[in-house]
Amino acid sequence: MRELPHPATEDIRLPEVMHALSDEVRLELVRRLADGVEGNCTLLSGDIEIHKSTLSHHYRVLREAGVTRTRVDGRDRHIRLNREALDGRFPGLLDSVLHALHA
């Protein structure tokens, strides 16, 4: 098992996080990860009807912005919210976004 590259907590920047959260598909992925449980990327996005390469792009944008962390186990990729880092850098931001998604 290995993790894909992620920004260090101190390198997570608000403009990149906001850009990552500015897309409906990425917001839906974040909403699905809100329970704190790590999700298999295939199962997590199984009913989202977009091309696989486009979905990979969305996962990469979230990871590179520091919103998610991705662990690779063989051919499987497991994704979780990077809540601790985001809460440390921007307290309340993720909770506000998730609250707005459920409103």
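What are the residues in segment 65-93 that are farther than 13 Å from residue 5 by Cα, of a type outside the set (D, E, K, R) and modelled with pLDDT under 95, if any?
74, 78
Pairs please, first residue from segment 1-29 and hydroxyl-bearing (Ser, Thr, Tyr), second anywhere and open to solvent by 50 Å² or more (accessible area, probe 1.4 Å), Cβ atoms under 7 Å, 6+ apart in sequence or on different chains.
Listed by first residue and then by second, the contacts come to 9/88; 9/89.
Scan 69, 77, 89 and give me the residue that is closer than 17 Å to residue 19 by Cβ and of a type in the set (Lys, Arg).
Answer to the check: 89.
Could you please let me know if residue 89 is among the charged types (D, E, K, R) and under 16 Å from residue 32 (Cα atoms)? Talk me through it step by step, then tell me what you get.
On the way: among the charged types (D, E, K, R): yes; under 16 Å from residue 32 (Cα atoms): no.
For residue 89, the condition - among the charged types (D, E, K, R) and under 16 Å from residue 32 (Cα atoms) - is not met.
Across segment 4-23, which residue is farthest from residue 54 (Cα to Cα) among those that are more than 14 Å from the chain's Cα centre (by Cα) and of a type in the set (Asp, Glu)? Before you say what the answer is, go through the steps one by one.
Kept after step one, since they are more than 14 Å from the chain's Cα centre (by Cα), are these residues of segment 4-23: 8-11, 13-15.
Retained after the next criterion (residues that are of a type in the set (Asp, Glu)): 10-11.
Details: 10: 28, 11: 26 Å.
Here the residue is 10.
Taking the condition modelled with pLDDT under 95, touching a Leu at 6+ places or on another chain (Cβ under 6 Å) and open to solvent by 60 Å² or more (accessible area, probe 1.4 Å), does residue 2 pass? Please lay out each step first, then the result.
On the way: modelled with pLDDT under 95: yes; touching a Leu at 6+ places or on another chain (Cβ under 6 Å): no; open to solvent by 60 Å² or more (accessible area, probe 1.4 Å): yes.
No.
Restricting to segment 43-87, give me the number of residues that are in contact with a strand residue (DSSP E or B) (Cβ under 8 Å, 6 or more places away or on another chain) and among the polar types (S, T, N, Q).
Number of matching residues: 3.
What are the residues in segment 1-10 that are in a loop (DSSP other than H, G, I, E, B) and within 14 Å of residue 68 (Cα to Cα), if any?
Answer for segment 1-10, where residues must be in a loop (DSSP other than H, G, I, E, B) and within 14 Å of residue 68 (Cα to Cα): 4, 5, 6, 7, 8.
The values are calculated or read from the model by the stated rules, or taken from the named source; none is laboratory data. It should be emphasised that the depicted structure is a prediction, and the values quoted were computed from it without experimental measurement. All Cβ positions, even for glycine, are placed from backbone atoms using ideal geometry, and neighbour counts span all protein chains on display. Side chains included, ligands, DNA and RNA excluded: accessible areas come from the protein's heavy atoms. Shrake-Rupley method; radii C 1.70, N 1.55, O 1.52, S 1.80 Å.
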